[in-house]
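Notes follow once the structure below has been shown.
The values are calculated or read from the model by the stated rules, or taken from the named source; none is laboratory data. Predicted, not measured: the structure shown is a model, and the values here were computed from it. Cβ coordinates were reconstructed from backbone atoms using ideal geometry, including for glycine residues, and neighbour counts include every protein chain displayed.
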Amino acid sequence: MAAPSFSESLRARTWASHGDSEGAGFMRDLMTGEGTREDYVALAAQHYFVYDALEHDIDRVANDPIAREFLTDRLTRMPPLTADLEFLIGPDWRSQVRPLPATVRYTERIRELATGWPGGFVAHHYTRYLGDLSGGRAIHRRMRKLFGFDLDGVRFYVFDQIPDPAAFKAGYRERLDAAAWSEDERERVIDEVLSAYRFNIEVFEDLQAAKTPAAV
Ligand code: HEM
């Protein structure tokens, strides 16, 4: 049997952590209908800080010949995300959103990698965007159904420039396999993906802790 490709190893070695983030209490409640619209808005607000870190300094990452291969405007989430926040919170949304402590740590790490280690940046890029193109689709459907959104409020989950997510993800995995990383660097990328999942879990934990108690 052929040895697994890098993208297969990456997925296999991080899939348990994927399950932990998918199954985090906050996310599970949101998906099962136990969460509220406010919870969904609180998550969207944290996304704002994460995608600002991923997309604001992208030009620096684009200087790296390997990392550049993964970057495309077709993934850019900031315009749909800010449109969602304006719809969900109102025109003054910027003054209403704050990063939670885990989000601060997460975004500091992404910014550090954007300037210091492009391979590590790719690890975070992979974890968020391939996730958005995968489970994001299920989250989109669920939020529409639960909270009655049409397109406003859930634009973040709509990649209108990626009509075939499966094909896009296959291409992304090919680029992961083709990246001229040493064995050692590939190991470090896998570790960084594990750490990206941990950051996401910690954001869910902070969101859970910050929940407004239900009125009794
Ligand atoms: C309700 C929550 C979630 C659901 C239902 C879900 C579901 C899925 C599914 C079904 C796939 C496989 C798609 C495929 O094979 O093409 C997938 C892949 C993926 N998900 Fe999630 N997911 C969730 C949350 C997350 C979170 C929170 C993250 C990280 C921030 C994430 C990151 C990823 C990544 C990186 C992949 C691609 C793995 C690979 O093929 O290399 N997911 N997700």
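Meeting the requirement of 2 or more residues that are within 15 Å of the ligand (Cβ to nearest atom) and farther than 22 Å from ALA210 by Cβ, the helices (runs of 4 or more DSSP H) wholly within segment 57-147 are 118-125, 135-147. Has segment 65-81 got at least one residue that is at pLDDT 95 or above, small (Gly, Ala, Ser) and surrounded by fewer than 19 Cβ atoms within 10 Å (Cβ to Cβ)? Scanning segment 65-81 turns up no residue that is at pLDDT 95 or above, small (Gly, Ala, Ser) and surrounded by fewer than 19 Cβ atoms within 10 Å (Cβ to Cβ). Among all residues of segment 155-166, there is at least one that is farther than 30 Å from SER182 by Cα, of a type outside the set (Phe, Trp, Tyr) and in a helix (DSSP H, G or I).
On inspection, TYR157 fails the criterion of being surrounded by 19 or more Cβ atoms within 10 Å (Cβ to Cβ), near the ligand (Cβ under 10 Å from one of its atoms) and either under 18 Å from the mean Cα position of the chain (by Cα) or free of Cβ contacts under 8 Å to residues at least 40 places away in the same chain (or both).
For segment 160-189, filtering for residues that are surrounded by 11 or more Cβ atoms within 10 Å (Cβ to Cβ) and within 11 Å of the ligand (Cβ to nearest atom) leaves 7.
Close Cβ contacts (under 7 Å, 6 or more residues apart or on different chains) running from residues in segment 126-137 that are without any contact (Cβ under 8 Å) to a residue 24 or more places away in the chain to residues that are crowded, with 17+ Cβ neighbours inside 10 Å and not in a helix (DSSP H, G or I) are absent. Residues that are hydroxyl-bearing (Ser, Thr, Tyr), under 21 Å from ILE89 (Cα atoms) and crowded, with 17+ Cβ neighbours inside 10 Å are absent from segment 208-216 altogether.
Restricted to segment 193-213, and to residues there that are touching a residue at least 12 places away in the same chain (Cβ under 8 Å) and more than 12 Å from the ligand (Cβ to nearest atom), the residue that is farthest from LEU43 (Cα to Cα) is THR212. On the stretch given as segment 1-34, residues that are of a type in the set (Gly, Ala, Ser), within 14 Å of the ligand (Cβ to nearest atom) and without any contact (Cβ under 8 Å) to a residue 60 or more places away in the chain total 4.
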